[in-house]
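Trainee: Let me give you the structure first, and then I'll get to my questions.
The values are calculated or read from the model by the stated rules, or taken from the named source; none is laboratory data. Source: prediction; values computed, not measured. Because the Cβ atoms are built from the backbone with ideal geometry, glycine has one as well, and the counts that use them run over all protein chains shown. In case anyone asks, the SASA skips ligands and DNA or RNA and just uses the protein heavy atoms, side chains included. Shrake-Rupley method; radii C 1.70, N 1.55, O 1.52, S 1.80 Å.
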Amino acid sequence: MNRHTVLVVIAHTDDEALGLGGTIARHVENGDIVYAVSMTDGVGARGGENEEEIKIRTQASINAGKILGLTWIEGGSFPDNAMDTVPLLAVAKVIEKAKNTIKPTIVYTHSSADLNVDHRVVSQATLTAFRPQPNEVWQEIRTFEIASATDYGHRSITDLFYPNLYVDIKNTWKKKLAALEEYQMEMRDSPHTRSFEGLENLAKHRGNQVGLHYAEAFEIIRKIER
């Protein structure tokens, strides 16, 4: 059986659990190695003295990573919710460094059909870093949705997320939930789309679309059989 090296490129810690926590856990259970890289501290845009919030968020990401089985690698320190103020090339170079370090075969990143500007920038920078060239080893780029971001977009402004890959996460749903509980400070009360109930509804909805109990949905942007 072929084992994959997986790279998850995200804008903010917690995006990995929200968007594909169940899929990450499934990769790990299948023997794949999963790495994640984040581009911001995730709280800088909130203003005020946020050093303590950054520490809490960092620890939450470490705890969530252990639950899911991923390894965090060095990322960026770009301004939270203002990544459109930095050159795209600077973001792409951070991602390229991660690419050259771990040489992933499968890459996950944000959908560009997303209201959150950081998500859109990271998505574009990832495609730039993984543009097709000779002697590359990556085989597939997949984008994911984030509750309260991708679903807040509109086809006339951000385009829409059209999944064409569904991953069964019935057996890893509890790990996704446990990882999300580490980010309790980022969760919202029901009926918010980023509530525990809202995320379970989304997982059930994506599963029901393809005859599964729980699923996470992805859009395959590019796939190469080498």
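Trainee: If residue 157 passes every condition in (1) within 28 Å of residue 62 (Cα to Cα); (2) modelled with pLDDT under 95; (3) part of a loop (DSSP other than H, G, I, E, B); (4) not aromatic (Phe, Trp, Tyr) but one, which one does it miss?
Mentor: Here residue 157 meets the rest and fails (1).
Trainee: State all residues of region 178-202 that are charged (D, E, K, R), surrounded by 15 or more Cβ atoms within 10 Å (Cβ to Cβ) and part of a loop (DSSP other than H, G, I, E, B); if no residue qualifies, say none.
Mentor: Within region 178-202, just 194 meets the criteria.
Trainee: Check region 4-20 and report whether any residue there is touching a helix residue (DSSP H, G or I) at 6+ places or on another chain (Cβ under 8 Å) and open to solvent by 70 Å² or more (accessible area, probe 1.4 Å).
Mentor: So far as region 4-20 goes, no, none of its residues is touching a helix residue (DSSP H, G or I) at 6+ places or on another chain (Cβ under 8 Å) and open to solvent by 70 Å² or more (accessible area, probe 1.4 Å).
Trainee: Separate question: Which residues, taken from region 65-100, are in a loop (DSSP other than H, G, I, E, B) and more than 24 Å from residue 179 (Cβ to Cβ)?
Mentor: 79, 82, 86, 87
Trainee: Something else now. Go through the residues of region 101-118 one by one and say whether even a single one is open to solvent by 80 Å² or more (accessible area, probe 1.4 Å), part of a helix (DSSP H, G or I), over 21 Å from residue 42 (Cβ atoms) and at pLDDT 95 or above.
Mentor: Yes, the conditions are met somewhere in region 101-118.
Trainee: Same structure, new question: Any idea which of 129, 215, 149 is among the small types (Gly, Ala, Ser) and in contact with a Leu (Cβ under 9 Å, 6 or more places away or on another chain)?
Mentor: 149
Trainee: Follow-up. Answer with yes or no whether residue 170 is on the phi < 0 side of the Ramachandran plot and open to solvent by less than 50 Å² (accessible area, probe 1.4 Å).
Mentor: Taking the combined requirement at face value, the residue does not satisfy it.
Trainee: Within region 190-221, track down each residue that is of a type in the set (Ser, Thr, Tyr) and in contact (Cβ under 8 Å) with a residue 40 or more places away in the chain.
Mentor: Once the filter is applied, which keeps residues that are of a type in the set (Ser, Thr, Tyr) and in contact (Cβ under 8 Å) with a residue 40 or more places away in the chain, region 190-221 yields 193, 214.
Trainee: Just one of the numbered conditions (1) farther than 16 Å from residue 212 by Cβ; (2) open to solvent by 70 Å² or more (accessible area, probe 1.4 Å) is not true of residue 164; which one?
Mentor: Looking at each condition in turn, residue 164 falls short on (1).
Trainee: Quick one: which of 61, 77 is open to solvent by less than 50 Å² (accessible area, probe 1.4 Å) and more than 19 Å from residue 137 (Cβ to Cβ)?
Mentor: 61
Trainee: Filter region 159-185 for residues that are more than 17 Å from residue 67 (Cα to Cα) and touching a Gly at 6+ places or on another chain (Cβ under 8 Å) and give the result.
Mentor: Selection gives 159, 160, 161, 166, 167, 168.
Trainee: I need every pair where a residue in region 31-57 that is in a strand (DSSP E or B) and of a type in the set (A, V, I, L, M) has its Cβ under 6 Å from the Cβ of a residue that is at pLDDT 90 or above and open to solvent by 60 Å² or more (accessible area, probe 1.4 Å), sequence separation at least 6 or different chains.
Mentor: The qualifying pairs are 36/72.
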